[in-house]
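**Student:** Let me begin by handing over the structure; questions about it come next.
The values are calculated or read from the model by the stated rules, or taken from the named source; none is laboratory data. Small disclaimer: the values here were computed from a predicted structure and weren't measured. Quick reminder, even Gly has a Cβ in these numbers, built from the backbone with ideal geometry, and neighbours come from all protein chains shown. The area values use the complete protein model at the heavy-atom level, side chains included, leaving out ligands, DNA and RNA. Shrake-Rupley method; radii C 1.70, N 1.55, O 1.52, S 1.80 Å.
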Amino acid sequence: VTLWARLEEESIAAQERVYIAPVAIRASLTTVRDVFLVKEPFEVEVKTTDLAAKPVAVKMQLRLFKRETDETGRVGEREVRGMGVQTDREGSAKARVEFADSGDYVLRLQGTDDRQNPFSVGKYVRIVGDDDEVKLRILADTDTYKVGETPKIKLVSRTEPQLCLLTYEGDRLYG
């Protein structure tokens with residue numbers, strides 16, 4: 001929308017383009033990584049704010065969809081599960097999920113603002129199992145560690161058991 005202001009007696013005018021948000025809630029979904037193992041429980045962190053970036057409590061639905069491709073190559077989604085999620089006054093909530101089958105999934109958060117305008121936000125995750133084409137995966141919840149902190153890393157090998165060397169690097173080789 002363009003707003004106009006004019007003062008005829010001063011012979012001045014101004015205009016400004018203003019964007020009107022149809023939804024009064026901003027929501028986000030985060031996970032510690034984008035790849036998880038079959039039957040590995042993980043947390044989905046939900047944050048909600050109003051348009052002024054102030055935290056707000058909101059009731060929503062977290063719906064989990066598996067992405068599937070049909071014989072013609074078209075991709076669709078099949079709902080696997082849904083659950084209620086409510087953020088607190090700080091605009092935060094956590095939901096714990098896990099998947100029984102490997103594949104590509106969409107975590108979709110849906111809700112309405114106080115004027116009943118719908119909103120939706122999604123996040124893609126990949127769930128890997130024994131059929132994973134990647135034979136060696138290193139899964140870490142972060143890629144940055146503090147000095148003295150012990151890294152928690154999952155090393156997943158889909159090959160025959162064998163010796164493996166895992167090193168930590170920085171400005172020198174640490175271990």
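**Student:** Among the strands (runs of 3 or more DSSP E) lying completely within the range 12-113, list those that include at least 1 residues that are closer than 28 Å to residue 144 by Cα.
**Tutor:** 25-30, 35-37, 42-50, 92-97, 103-112
**Student:** For residue 142, all conditions in the list (1) among the hydroxyl-bearing types (Ser, Thr, Tyr); (2) in a loop (DSSP other than H, G, I, E, B); (3) open to solvent by 90 Å² or more (accessible area, probe 1.4 Å) hold save one; what is the number of the exception?
**Tutor:** Of (1) among the hydroxyl-bearing types (Ser, Thr, Tyr); (2) in a loop (DSSP other than H, G, I, E, B); (3) open to solvent by 90 Å² or more (accessible area, probe 1.4 Å), only one is false for residue 142: (3).
**Student:** I want to confirm something. Restricting to the range 1-29 and keeping residues that are small (Gly, Ala, Ser) and either open to solvent by less than 100 Å² (accessible area, probe 1.4 Å) or at pLDDT 90 or above (or both), which single residue is nearest to the chain's Cα centre (by Cα)?
**Tutor:** Result: 28.
**Student:** Name the one entry in 56, 85, 38, 32 that is within 30 Å of residue 136 (Cα to Cα), of a type in the set (A, V, I, L, M, F, W, C) and open to solvent by less than 50 Å² (accessible area, probe 1.4 Å).
**Tutor:** 38
**Student:** Right, something else. Any residue at all in the range 108-120 that is closer than 30 Å to residue 155 by Cβ, touching a strand residue (DSSP E or B) at 6+ places or on another chain (Cβ under 8 Å) and either touching a residue at least 24 places away in the same chain (Cβ under 8 Å) or open to solvent by less than 80 Å² (accessible area, probe 1.4 Å) (or both)?
**Tutor:** no
**Student:** With the condition kept exactly as written, say whether any residue in the range 121-129 is of a type outside the set (A, V, I, L, M, F, W, C), modelled with pLDDT under 90, open to solvent by less than 70 Å² (accessible area, probe 1.4 Å) and not in a loop (DSSP other than H, G, I, E, B).
**Tutor:** Within the range 121-129 (the criterion being of a type outside the set (A, V, I, L, M, F, W, C), modelled with pLDDT under 90, open to solvent by less than 70 Å² (accessible area, probe 1.4 Å) and not in a loop (DSSP other than H, G, I, E, B)), the answer is no, since none of the residues qualifies.
**Student:** Can you name the condition, by its number, that residue 103 falls short on among (1) open to solvent by less than 30 Å² (accessible area, probe 1.4 Å); (2) under 16 Å from the mean Cα position of the chain (by Cα); (3) among the small types (Gly, Ala, Ser)?
**Tutor:** Among (1) open to solvent by less than 30 Å² (accessible area, probe 1.4 Å); (2) under 16 Å from the mean Cα position of the chain (by Cα); (3) among the small types (Gly, Ala, Ser), the lone unmet condition for residue 103 is (2).
**Student:** How many of the residues making up the range 130-151 are of a type in the set (Val, Ile, Thr) and at pLDDT 90 or above?
**Tutor:** Result for the range 130-151: 1.
**Student:** Do any residues in the range 53-71 that are within 23 Å of residue 98 (Cα to Cα) and β-branched (Val, Ile, Thr) have Cβ atoms under 8 Å from those of residues that are assigned to a strand (DSSP E or B) and open to solvent by 40 Å² or more (accessible area, probe 1.4 Å), where the two are at least six apart or on different chains, and which pairs are they?
**Tutor:** 69/75
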